[in-house]
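Values in this text are rule-based calculations from the coordinates and carry no lab data. All values reported here derive from a predicted model rather than from experimental measurement. Please note: Cβ atoms are built from the backbone with ideal geometry, for glycine as well, and neighbour counts cover all protein chains shown.
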Amino acid sequence: MTTHWILGPGAIGRLLAHSLAPFAEVALIGRRDLPAQQRLTTPEGEVRVQHLTSFTVVHFAVDAPEPPAFVHITTKAMSAEAALESLASLIPPSTPLVLWQNGFLSQPRITQAWPGPVLCATTTEGAYLTGDDGVVHAGRGHTFVGDLNNQHGELAKTLAELLTQAGLTATAVTDIRQRLWQKLAVNAAINPLVALNGVRNGELRGEAYSDRVVAVVKEVAAIMLAEGIAPPNNGQGEAAWLALVWQVVESTANNKASMLQDIEAKRPTERGAILGPLIESAERHGLACHKLQALNDDIGLLEAIY
Ligand code: KPL
């Protein structure tokens, strides 16, 4: 059995731990200990209780176990580098990492800094926590795995096969950068607007917001073109991006987007990983990004208040 450490016991981290536990040795690593008995509610409503090993980084530092085959980092985007730093001295530098973050901030940085293989994962699995001992797998999705420099295809394949065996359908891909930017584009069009206005995703279709979505997508589409990111679904330019955004708004109409949840809970948002790379790219390519900049500033103001 391979050993997988999961750094960041949030919803995706715990879903991953529950899913992998029957097939691999799993340890959840966080800032505090979690109850050993952990409950998973499946999308079909079945409840499964499993013993999951959890450690704090401090515990690991005192009593270092055998090095793992994979370290999954499942923290929020802005915490990924600090989380890795807290563990880096405890694992061989050749250890493969798997980054599960949204946006495109920690992935290029960690890929450049970490000597071993760095895989990136992007997933549409839906999950949320119900306290210290519970996670609900709200909806099944698909996970894509690959590395930014396409040097670790076999490793990505091995991981995708294990994830699929564990019930999280996954595919190894050679275009993970494209896929990360595509998800970022959709998140940029939806998350800041719903977070600032305190509305569920579906409300963006209404008169009050739809023109603003179109205006944001216009900026995003120009940036994607400059970054060499192909429009989704073999479509053309702005229209294809807009169609994808409306499709996601429709299929997640009842969702409270993650950025809205962060604002409501007075947590830092992932704006730096979602809006940050877009604004930085626009500046680099001399493109206008007034709407994106305004959204970033407004979210920043909200974060500063709490
Ligand atoms: O990924 C999402 C998020 O909430 O972060 C979207 C696609 C906006 C769905 O809610």
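Grab the DSSP H runs of the chain that are 4 residues or longer, score each as -39,500 (n - 2.57), total them, divide by all residues and round the 222 nm result to the nearest 500 deg cm²/dmol.
Details: 11 runs with 142 residues, N = 306.
Per the formula, -14500 deg cm²/dmol.
Going by a ≥ b ≥ c, the root eigenvalues of the Cα gyration tensor, does the chain fall in the rounded group (a/c under 1.5), the prolate group (a/b larger than b/c) or the oblate group? List each step's numbers first, then the result.
Working: a/c = 1.70, a/b = 1.48, b/c = 1.14.
Prolate.
When a/c is below 1.5 the answer is rounded, else prolate if a/b is larger than b/c, else oblate, so apply that to segment 217-273 with a ≥ b ≥ c taken from the square roots of the Cα gyration tensor eigenvalues. Spell out each step's value before the answer.
On the way: a/c = 3.61, a/b = 1.65, b/c = 2.19.
Oblate is the answer for segment 217-273, as a/c is 1.5 or above yet b/c matches or exceeds a/b.
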Starting at the first residue of segment 175-190, write each ³J(HN,Hα) from the Karplus equation 6.51 cos²θ - 1.76 cosθ + 1.60 with θ = phi - 60°, in whole Hz, x for Gly and Pro. 10, 5, 4, 4, 5, 5, 5, 5, 5, 4, 4, 5, 4, 5, 7, 9
Loop-only check: which trypsin sites (Lys or Arg not before Pro) in segment 258-306 are DSSP coil with at most 12 other Cβ within 10 angstrom? Lys266
Can you work out ³J(HN,Hα) from phi for every residue in segment 65-78, in order, using Karplus 6.51 cos²θ - 1.76 cosθ + 1.60 and θ = phi - 60°, giving whole Hz and x for Gly and Pro? x, 4, x, x, 7, 9, 10, 8, 9, 10, 6, 4, 4, 6
Could you tell me which of Leu242, Ala121, Leu162 has its Cα farthest along the dipole of the chain towards the positive end, charges placed at Cβ (Lys, Arg +1; Asp, Glu -1), taken about the Cα centre? Leu242
What are the residues whose amide H is under 5 Å from the amide H of His72, where those residues sit 5 or more places off or on another chain and H is modelled from the backbone? Trp5, Ile6, Leu7, Val98
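Taking the Cα centre of segment 3-174 as the origin, how large is its charge dipole in debye, to the nearest 20, when only Lys and Arg (+1) and Asp and Glu (-1) carry charge on their Cβ atoms?
Values: 9 positive and 14 negative charges, 61 e Å.
Value, rounded to 20: 300 debye.
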Please give the charge dipole size of the chain, origin at the Cα centre, charges +1 on K and R Cβ atoms and -1 on D and E Cβ atoms. Round to the nearest 20 debye. 200
Take the Cα atoms of segment 86-219, find their three principal axes, and give me the spread along each one in whole Å, biggest first. 53, 37, 29
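What's the local net charge at Leu244, with K and R +1, D and E -1, over the other residues with C-beta under 13 Å away?
0
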Segment 3-134: relative contact order as a whole-number percent, Cα under 8 Å and 6+ apart: 26
Among Ser258, Ser79, Ser210: highest mean-square fluctuation, GNM of the chain, C-alpha pairs under 10 Å: Ser210
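Based on the inverse mean of 1/r over its pairs of different Cα atoms, what is the Kirkwood hydrodynamic radius of segment 159-306, in Å?
16.0
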Under the Karplus curve 6.51 cos²θ - 1.76 cosθ + 1.60, θ = phi - 60°, whole-Hz ³J(HN,Hα) for segment 19-34, x wherever Gly or Pro sits: 5, 7, 3, x, 10, 8, 7, 10, 10, 8, 10, x, 7, 9, 5, 10
